Amino acid sequence: MLRRMFRRNREMMTGYMFVLPWILGFLLFMAYPIYFSLNMSFNKVIISSNGIKKDFIRWNNFKYAFLSDPKYVEELLMFIKSVVFMIPIVIVFSLLVALLINQPIRFKGFFRAIFFLPVVITSGQVVKELFAQGAASVPIVERYGIIDYLQNNLDPSWSEPIISIIQQLIVILWYSGVQILIFLAGLQKVNSQIYEAASIDGASPWEIFWKITLPSIKPFILVNIIYTVVDLFTNSLNNVIDLIKVNMFQIDTGFGYATALAWIYFMVIFTILLVVVLVFGRNDDYNPRKAGR
């Protein structure tokens, strides 16, 4: 009993030692800036030659964002709707590519590099320039009038985010490189003997995918959804972040109001991530050996 408690305490201390550098870094470099940012969101901030002057206005910045700002809530809601459509596209596309690359084919490393290359070379400015030149659009969409059909048959509150996704479809798929590598890592963790046993028992490839492959990579799906949410909410094509930057230098709003907008944006991201973890992070006690029988 004592030996078991000692081993448990030792494992706990080992875990704390691994986490300790991050905790120290957070306390030294992040804790005060986060507090200062939150404090600024409740003030009207004026930056002058004499320094930073703050006038405490309680919740007025947040009230103005929701009740008076004509752009922020509209842009935020439209972007959230776009993300709802973007996440399945990125996840499904990256999973399909990972399944194809995971097959016994030659030059696997080359194909991994090809799909990951856009993540390396497409910096914020490069993506904006490509997007401005129309490189992110799909020509067949304009040729067959799909955008006009959506505008004429859907409510503008839903047609606008869908059209925005279609116009950025190529760029969205460019950002799937990391997710493809994560799925590849998950697929290669599945024991090949399970597939062999399922094939011997007469399981079809479709049944193998739904009953073995998909449940086995469920944790990696959760990781990819979290990564995709964070990536989409922080990428260079984000109109909400651009709106926050614009308000930083406005005379009537300034840093205090921009900080309040940023904190609202953070809480939206946090809420979405919390929902994702609660929905996809449940443990179903999956046993791949039983699934393969």
Checklist entry - Restricting attention to the range 209-226, which residues are open to solvent by 60 Å² or more (accessible area, probe 1.4 Å) and at pLDDT 90 or above? => result Val223
Next on the checklist: For the structure I just gave you, tell me whether Lys63 is at pLDDT 85 or above, farther than 30 Å from Ile165 by Cα and part of a helix (DSSP H, G or I).
Outcome noted: yes
Checklist entry - What tally of residues in the range 39-61 results from selecting those that are under 15 Å from Met248 (Cα atoms) and touching a helix residue (DSSP H, G or I) at 6+ places or on another chain (Cβ under 9 Å)? => result 11
Next on the checklist: I need a count of the residues in the range 31-51 that are closer than 17 Å to Ala262 by Cβ and open to solvent by 90 Å² or more (accessible area, probe 1.4 Å).
Outcome noted: 3
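Residues checked against (1) in contact (Cβ under 8 Å) with a residue 12 or more places away in the chain; (2) surrounded by 17 or more Cβ atoms within 10 Å (Cβ to Cβ):
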| site | (1), (2) |
| --- | --- |
| Thr234 | no, no |
| Asn239 | yes, no |
| Ala260 | yes, yes |
| Phe266 | no, no |
| Leu273 | yes, no |
| Val277 | yes, no |
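One line per residue, one yes/no per condition, for (1) at pLDDT 75 or above; (2) open to solvent by 60 Å² or more (accessible area, probe 1.4 Å):
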residue: Pro70; (1), (2): yes, yes
residue: Met86; (1), (2): yes, no
residue: Ala113; (1), (2): yes, no
residue: Ile121; (1), (2): no, yes
Next on the checklist: Out of the helices (runs of 4 or more DSSP H) lying entirely within the range 230-293, which hold 3 or more residues that are modelled with pLDDT of 90 or more and out of contact with any strand residue (DSSP E or B) (no Cβ under 9 Å at 6 or more places or on another chain)?
Outcome noted: 254-280
Checklist entry - If you take the residues in the range 214-227 that are without any contact (Cβ under 8 Å) to a residue 40 or more places away in the chain and not aliphatic (A, V, I, L, M), which one is nearest to Ala185 (Cα to Cα)? => result Phe220
Next on the checklist: I'm told Val127 meets every condition in (1) at pLDDT below 85; (2) open to solvent by less than 50 Å² (accessible area, probe 1.4 Å); (3) within 17 Å of the chain's Cα centre (by Cα) except one. Can you identify the failing condition by its number?
Outcome noted: (3)
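The values are calculated or read from the model by the stated rules, or taken from the named source; none is laboratory data. As the structure is a prediction and not an experimental result, all values here were calculated from the model. Note that each Cβ is placed from the backbone with ideal geometry, even for glycine, and that neighbours are counted across all protein chains shown. Calculation scope for accessible area: heavy atoms of the full protein, side chains included, ligands and nucleic acids excluded. Shrake-Rupley method; radii C 1.70, N 1.55, O 1.52, S 1.80 Å.
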